[in-house]
Amino acid sequence: MSTPVGYLASISIDCPDPDALVKFYCDLLGLEEVFATPDRGVVSLAGAGPMVTLMRVDDYTPPSWPGGPQHKQMHLDVAVDNLETAVAAAIAIGAVQAQVQAAPAQWRVLLDPIGHPFCLSTVRPD
């Protein structure tokens, strides 16, 4: 393996209002806020691997999934032990289950409170 140039520090998620997602992602992933710009246009959450950074984009357009005019650019896959329990917990904190489910026995597609798709999955490397 070659020497890396650097290491993944954060995954950034564009949104119209970072504060609208802080509690959701803290609750979903067990994170806590570690940094915010004075105007709260950028908020970073940490505590489980790379940070999740929520970044304000003034002309933000939410993705539509699985198709539509604004395709998703990325999504998070969250490893869980039990899909039904995890789906119920994610819905309780503000997620919505997507109408289209490609392989519901292995993973579920949900949408965060502003429409970003993410997956809960029991599929993981050994």
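Remarks
- Pairs of Cα atoms farther than 13 Å apart, region 61-126, %: 61
- Cβ charges +1 (Lys, Arg) and -1 (Asp, Glu), total dipole of the chain, debye: 240
- For region 9-59, the Cβ-based charge dipole about the Cα centre amounts to some 160 debye (Lys, Arg positive; Asp, Glu negative; other atoms uncharged).
- GNM remark for the chain: springs join alpha carbons under 10 Å apart, and the peak mean-square fluctuation among PRO66, PRO50, PRO38 falls on PRO38.
- Structure-derived Cα extents along the principal axes in Å - corresponding label in [x] 62, 25, 23; [y] 46, 30, 25; [z] 42, 40, 28: [z]
- Charge tally in the Cβ shell below 11 Å around PRO117, where Lys, Arg are +1 and Asp, Glu are -1, PRO117 excluded: 0
- Mean ellipticity per residue at 222 nm, deg cm²/dmol - from DSSP H runs of n ≥ 4 across the chain, formula -39500 (n - 2.57): -5000 deg cm²/dmol
A short reminder: the numbers here are calculations on the coordinates, not readings from a lab. The model shown is predicted, which means the values in this text are computed figures rather than measured ones. As a convention, Cβ positions derive from the backbone with ideal geometry for all residues, glycine included, and neighbour counts pool all protein chains shown.
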